[in-house]
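The values are calculated or read from the model by the stated rules, or taken from the named source; none is laboratory data. Everything numeric in this text was worked out from a predicted model, so none of it was measured. Cβ sites come from the backbone with ideal geometry, for glycine too, and all protein chains shown count toward neighbours.
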Amino acid sequence: MQPLIFKSYPKLNIFLKIIGRRSDRFHLLSSRFVLAKGALFDTISIESSSTGFVLEGEFGCKLESNTIYKAKCAIKELAQNKYKDSHLAACIESLKICVQKRIPEGAGLGGGSANAASFVHAVCNLYHISLDTQDYAYIAQRCGADVAFFLHRYESANVGGIGEEVIAFKETLPEFEIFTPQILCSTPAVYKAYATHTTNFSPLPTQWLNTKSTQILQSHTLQELNDLYISACYVAPELESLRKDLGSGWFFSGSGSSFFRPKP
């Protein structure tokens, strides 16, 4: 089998509002995710392996915590339990995946989630399988809710729940400039700071759900659009001085630490 090589792009959050919390204490969000197809991407190659499943790359976690590994396990479970395809399950265990990481971790760009979804799509292409929406939900549940956005391959979408509710939004996106400082923002730490310092949830941003991303960015500030920014500043106080140095027109993605803007 010839190596299959492809790019894995990050996401940006045009807005991110925390609108409630589930009984299991996971926060509910309403957000616009967009795919940032630009100069920043990870490169992934897949080829056959004679020594079992191999995953290579500079990852900041153990193998069992890697989103690609989790996606592999989820597809194998679907192959065995839903599709009764033992051959596919065996094939998945005979792959070598190499990832050249350029999307920073702890940056609010969903790099790990993008990698997992790219791996799933590659497996589908290799073995000519078609997954449905229920399969996407199953995989996202095991890999991380943000994976759902990347699995659907939308360039823009309104995202709800804890990230698993994905509705396509039709629009033409600009190119984006992304600035990621040398600051790793732990998503759990930022949400913990949010829970500690915030007493009221935001209302559902109904109007924004029907407004183009460029219009939203033109008419609102970073602080208005991202409910997690202040919480991220509790975790990494230097973010606020960076925001001031960048000046107006920059926005904040996810739980940080990346800032972005439409290219001038």
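Quick notes on this structure:
- Segment 190-206 residues that are farther than 19 Å from Ser253 by Cβ, paired with ones that are modelled with pLDDT of 95 or more (beta carbon under 6 Å, 6 or more apart): Phe201/Ile18; Phe201/Ile19; Phe201/Gly20; Leu204/Ile19; Leu204/Ser30
- Subset tally (residues that are within 25 Å of Ile97 (Cα to Cα) and surrounded by 15 or more Cβ atoms within 10 Å (Cβ to Cβ)) for segment 5-21: 5
- Looking across Ser231, Ser255, one residue alone is hydroxyl-bearing (Ser, Thr, Tyr), assigned to a helix (DSSP H, G or I) and at pLDDT 95 or above. It is Ser231.
- Test: residue in segment 239-254 that is among the hydrophobic types (A, V, I, L, M, F, W, C), closer than 24 Å to Arg25 by Cβ and surrounded by 18 or more Cβ atoms within 10 Å (Cβ to Cβ): yes
- Filtered residues of segment 138-154 (kept if more than 19 Å from Gly254 (Cβ to Cβ) and either touching a helix residue (DSSP H, G or I) at 6+ places or on another chain (Cβ under 6 Å) or crowded, with 16+ Cβ neighbours inside 10 Å (or both)): Tyr138, Ile139, Arg142
- Residue, surrounded by the most Cβ atoms within 10 Å (Cβ to Cβ), within segment 155-189, restricted to residues that are within 16 Å of the chain's Cα centre (by Cα) and in a helix (DSSP H, G or I): Thr187
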